[in-house]
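So the structure is just underneath, and the comments pick up after that.
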Amino acid sequence: MISIQYLKSGAAVAALSLATVAPSVAVAQDAAADGSAPGVTGAEAAEQGGKAWEYTVMPYLFAPSINGSASLGNLDIDVDVSPSTVFDHLEAAFLARVEAKHESGWGYYIDYSLMNLGKGVSLPAGAGSVIADLDQQVLDVAATYRVSEGQDVIDVYGGIRYWDLGLDVIAPGPLGIDRDESWVDPMIGVRWERQLAEDWRAIAMGDVGGFGVGSDFAWMAAVGGAYDGWDNVSLVFMYRANSVDYETGTQGTSSYFKYDTITSGPLVGVAFRF
């Protein structure tokens, strides 16, 4: 088994990027009482002029660790990446998400992430070394629906998650492996929020997917909170874990590829609503 500390999984990237991770479009504590849009307080509805749609965008900083395993043909790799390793070797990153909520309770989000961990890391691997280069793109497209208002706000969502991985590994000896894999996972999930105080919310969310359609199985879980101390701006802080188990080809042949990792770590972001 070869040890490598330079792979990445999930939609997470340790970089300051444009993205949204479980932000609520607003606090829902007054919605039932005054007939305002779901997730928007009476004061916010007045400020917004009763508009039907609200959008949220959030840049955030994520510091993940990545653990698991990967296989490329007959090459088995242990994945053990610290946040400092990701920061040290990140060449490019871009994450962007648009989330929209309608007063009817329906909504959607589109989330795109691009990450490149550049070549040049040489790590011990038996008598030789391993150099890795990973390009990863992940696109989420999902519909959402608000099923509960009040102190507890619950949204359900469902859609697809598209993965595109490019992995270039130079193994000990003359063996060079360059693989590009892409797949689409269906996913379903739920997001929960509770108003703790005037400006504070607790947040938890999670989804499952894959089901053998793309990956064998995938899941995401996040828990944290938000501070809503400013008009249309919130500070969001969470701990997130993202897992994927993808396998293709015939084991023992050059066609075999397996990617089974968990990416987890804290994140802090600023959510802007308009």
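For this structure, a couple of remarks:
- Per-region count, segment 236-266, residues surrounded by fewer than 17 Cβ atoms within 10 Å (Cβ to Cβ) and in a strand (DSSP E or B): 5
- Residue within segment 187-196 that is farther than 19 Å from A222 by Cα and at pLDDT 80 or above present: no
- Cβ-Cβ under 6 Å pairs, at least 6 apart or on other chains, segment 59-70 side within 24 Å of A271 (Cβ to Cβ), far side assigned to a strand (DSSP E or B) and hydroxyl-bearing (S, T, Y): P64/T263
- Search result, residues across segment 228-265 that are of a type in the set (V, I, T) and within 14 Å of the chain's Cα centre (by Cα): V244, T261, I262, T263
- Members of segment 88-101 that are crowded, with 17+ Cβ neighbours inside 10 Å and part of a strand (DSSP E or B): A93, L95, R97, E99, K101
- Enumeration of residues in segment 104-124 that are closer than 23 Å to Y145 by Cα and either touching a Leu at 6+ places or on another chain (Cβ under 8 Å) or modelled with pLDDT under 80 (or both): I110, D111, Y112
- One residue stands out in segment 159-176 among those that are surrounded by 15 or more Cβ atoms within 10 Å (Cβ to Cβ) and small (G, A, S): the one that is modelled with the lowest pLDDT, namely A171.
- Options G265, G269: the member that is small (G, A, S) and over 20 Å from W192 (Cβ atoms): G265
- The residues in segment 142-158 that are in contact with a Gly (Cβ under 9 Å, 6 or more places away or on another chain) and small (G, A, S) can be counted, and the count is 3.
- All conditions but one from (1) surrounded by fewer than 15 Cβ atoms within 10 Å (Cβ to Cβ); (2) farther than 19 Å from T56 by Cβ; (3) in contact with a strand residue (DSSP E or B) (Cβ under 9 Å, 6 or more places away or on another chain) apply to A197; the one that does not is (3).
- Which listed residue is within 23 Å of L139 (Cβ to Cβ), surrounded by fewer than 21 Cβ atoms within 10 Å (Cβ to Cβ) and of a type in the set (D, E), from D207, D231, D180, D185: D180
The values are calculated or read from the model by the stated rules, or taken from the named source; none is laboratory data. Values in this document were obtained by computation on a predicted structure and should not be read as measured data. Virtual Cβ from ideal backbone geometry, glycine too; neighbours counted across all protein chains shown.
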